[in-house]
Amino acid sequence: MNRTLVGLLCGLGAASIWGGMYVVSKVVLDIIPPFSLVSLRLILGALTLAVVLWIRGFPTISRKRILQVLGVGFVGYGVSLSLQFLGTKLATAANGSLVTSATPAFVLIFAWMLLNEPITRRRLIALLLATSGVVAVIDPSSAQLNPDLFLGNLCLIGAAITWALYSVLVRKTTRNLNVLTFSLIAFMGGLPVTMPVGIWEWQTIGVGEITLGVVAGVLFLGIISTALAMVLWNTSFALVDASLASLTFFAQPVVGTLLGWLFLGEVITPLFLVGGFLIGLGLVIASRDDPKTRL
């Protein structure tokens, strides 16, 4: 398969995993405070990748390169994930899906600024189509924008912006660097942000009752949503242009809605079908884009 197809499949795989993450996060956050949970997620993700690399063999990497990747991880896994979990805690899962769906738009801007990727007509049209599809799938009326949730929504906006910046930096940093190694080091870059606050939360706020369900939720967030999904996401941005890879992010609300229909008996409306079609159409249009056709 060509690089574009593999990259898109990896991005869709990551976004599909994250489609069910908001509901799991909301449940686990009722028991474990946000920064403690982010720290657990990064530690589990790092341990998982460390085992894989131990089996495959650790590559040689320079100290300068390590510091660069740690910095990228600081932005993505330290700042962005913390804002995402904090925003979900203070707002709602629906708000999390809606607000962070703005990520691809920010990726388009950062990719133009940092990677000199052209903003072409096709990519802009694809972004508008996919965004319209997300609005149809999510149904903005389910989100709550009242003043009591302002801080949570603000955190979610910050998460969308910083995740877009992280994703663009992935493409810039993973040139000539193994994605597994990059991901492991990047996870470590997020811990200096999350660990101190997580320890403070553990000592002052404490945690609720740890049940098998909570343990399963933490393992899902750490091993599947972090180790596996982040490697898939990073691979996507390593293989194809950031503005194209970012469109796979829109698979999240589609998968989330399908899971709600499958496990929770939620109703799939005609708007969902229209939205899913628009998202798919946007991906097809963007994948056939000619980067030389600038606006």
Residues of region 129-158 satisfying the condition of being open to solvent by 70 Å² or more (accessible area, probe 1.4 Å), modelled with pLDDT under 80 and assigned to a helix (DSSP H, G or I): 141, 147, 148, 150
Out of all the residues in region 201-213, which are open to solvent by 50 Å² or more (accessible area, probe 1.4 Å) and in a loop (DSSP other than H, G, I, E, B)? 205, 207, 209, 210, 211
Members of region 162-201 that are among the small types (Gly, Ala, Ser) and touching a Ser or Thr at 6+ places or on another chain (Cβ under 6 Å): 164, 198
Expected output for region 44-55 (first residue over 21 Å from residue 216 (Cα atoms), partner modelled with pLDDT of 95 or more and hydroxyl-bearing (Ser, Thr, Tyr), Cβ below 8 Å, 6+ apart or cross-chain) is none
Inter-residue pairs, beta-carbon under 6 Å, first among the polar types (S, T, N, Q) and in region 221-242, second assigned to a helix (DSSP H, G or I) and open to solvent by less than 10 Å² (accessible area, probe 1.4 Å), 6+ apart: 225/21; 226/41; 226/45; 234/170; 234/183; 236/7; 236/11; 236/245
One residue is enough: does region 170-184 have a residue meeting the conditions out of contact with any Pro (no Cβ under 8 Å at 6 or more places or on another chain), in a helix (DSSP H, G or I), hydroxyl-bearing (Ser, Thr, Tyr) and touching a residue at least 24 places away in the same chain (Cβ under 8 Å)? yes
Hey, could you check region 228-283 for residues that are surrounded by fewer than 24 Cβ atoms within 10 Å (Cβ to Cβ) and among the aromatic types (Phe, Trp, Tyr) and say which is modelled with the highest pLDDT? 277
Given the residues 126, 216, which is the only one that is assigned to a helix (DSSP H, G or I) and open to solvent by less than 40 Å² (accessible area, probe 1.4 Å)? 126
Matching option when the condition is at pLDDT below 85, aliphatic (A, V, I, L, M) and farther than 25 Å from residue 248 by Cβ, among 67, 90, 40: 90
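The values are calculated or read from the model by the stated rules, or taken from the named source; none is laboratory data. Only a predicted model underlies this, so the values are computations on that prediction, with no experimental measurement involved. Neighbour counts run over all protein chains shown; Cβ positions are idealised from the backbone, glycine included. All accessible areas refer to the heavy atoms of the entire protein, side chains included, with ligands and DNA or RNA removed. Shrake-Rupley method; radii C 1.70, N 1.55, O 1.52, S 1.80 Å.
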